[in-house]
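**Student:** This is the structure I have questions about; it appears just below.
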Amino acid sequence: MTPMLQRLADLRRRRADRAVEVLALKTQELRRAERLGDEAERAVDAHVDATRVREQLLRADLAGRTVRPSAVLAVAAELDAAAIETVRRREAVARAEAEIAACRSARAQSVQEFQARERARDKIDFANREETTRQARRDEALRESEGDDALKHAGRPS
């Protein structure tokens, strides 16, 4: 292998190694984002379930009896607060989904970069094999030529 091809091969191998590292990092980031998204969805589901139960209890307390307007307003305020919390949690889920989409996109770009680096490395390896084959053929031709010259010199009278 020529020194230039060797340097180029080393450079491309380092770039391919770096692409693998970036791909691994992007995969970890995607898994983390998916985990956080799942947690956010579970939090929304749990909150909605708890809010439904609480709403049923509050309505049951008010049903069938005379209540003051302040009690009705207190129940309405609690339910409004729960609805606002539900919206806040759903927004967190939407942000988590956007983060997941961004991580998937970044990982896809990393996969493409990795594949490009692998192809580049393979091209250099192929060029190196071709150069090695050419050198071996040249060396063999030189040896044959030297052998032919030796036979010619051996066959001549001095």
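**Student:** Quick one: would you say R59 is assigned to a helix (DSSP H, G or I) and within 30 Å of A77 (Cβ to Cβ)?
**Tutor:** So R59 passes the test.
Listed here are the residues, each with its yes/no results for (1) farther than 18 Å from R107 by Cβ; (2) touching a residue at least 40 places away in the same chain (Cβ under 8 Å); (3) among the charged types (D, E, K, R).
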{"residue": "A16", "(1), (2), (3)": "no, yes, no"}
{"residue": "R31", "(1), (2), (3)": "no, no, yes"}
{"residue": "A40", "(1), (2), (3)": "yes, yes, no"}
{"residue": "A43", "(1), (2), (3)": "yes, yes, no"}
{"residue": "R52", "(1), (2), (3)": "yes, no, yes"}
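**Student:** Any idea which of R107, R59 is among the basic types (K, R) and more than 45 Å from the chain's Cα centre (by Cα)?
**Tutor:** Result of the check over R107, R59: R59.
**Student:** Also: For segment 129-158, which positions are modelled with pLDDT of 85 or more and either under 18 Å from T2 (Cβ atoms) or of a type in the set (S, T, Y) (or both)?
**Tutor:** Of everything in segment 129-158, those that are modelled with pLDDT of 85 or more and either under 18 Å from T2 (Cβ atoms) or of a type in the set (S, T, Y) (or both) turn out to be R129, E130, E131, T132, T133, R134, Q135, A136, R137, R138, D139, L142.
**Student:** Quick check on my filter: what residues within segment 61-93 are surrounded by 10 or more Cβ atoms within 10 Å (Cβ to Cβ), among the aliphatic types (A, V, I, L, M) and farther than 30 Å from D38 by Cα?
**Tutor:** Answer for segment 61-93, where residues must be surrounded by 10 or more Cβ atoms within 10 Å (Cβ to Cβ), among the aliphatic types (A, V, I, L, M) and farther than 30 Å from D38 by Cα: L62, V67, A71, V72, L73, A74, V75, A76.
**Student:** Here is a follow-up. Filter segment 46-72 down to residues that are of a type in the set (S, T, N, Q) and modelled with pLDDT of 90 or more and give me whichever is farthest from V93 (Cα to Cα).
**Tutor:** In this case the residue turns out to be S70.
**Student:** How about segment 17-40: which of its residues are under 16 Å from Q115 (Cα atoms) and either among the acidic types (D, E) or surrounded by 16 or more Cβ atoms within 10 Å (Cβ to Cβ) (or both)?
**Tutor:** Scanning segment 17-40 gives D17, A19, E21, V22, L23, K26.
**Student:** May I ask you to list the residues in segment 94-141 that are of a type in the set (S, T, Y), surrounded by 12 or more Cβ atoms within 10 Å (Cβ to Cβ) and free of Cβ contacts under 8 Å to residues at least 24 places away in the same chain?
**Tutor:** The answer is S105, and nothing else.
The values are calculated or read from the model by the stated rules, or taken from the named source; none is laboratory data. Please read all numbers here as calculations on a predicted model, not as lab measurements. Here the Cβ is made from the backbone with ideal geometry for all residues, glycine too, and neighbour counts use every protein chain on show.
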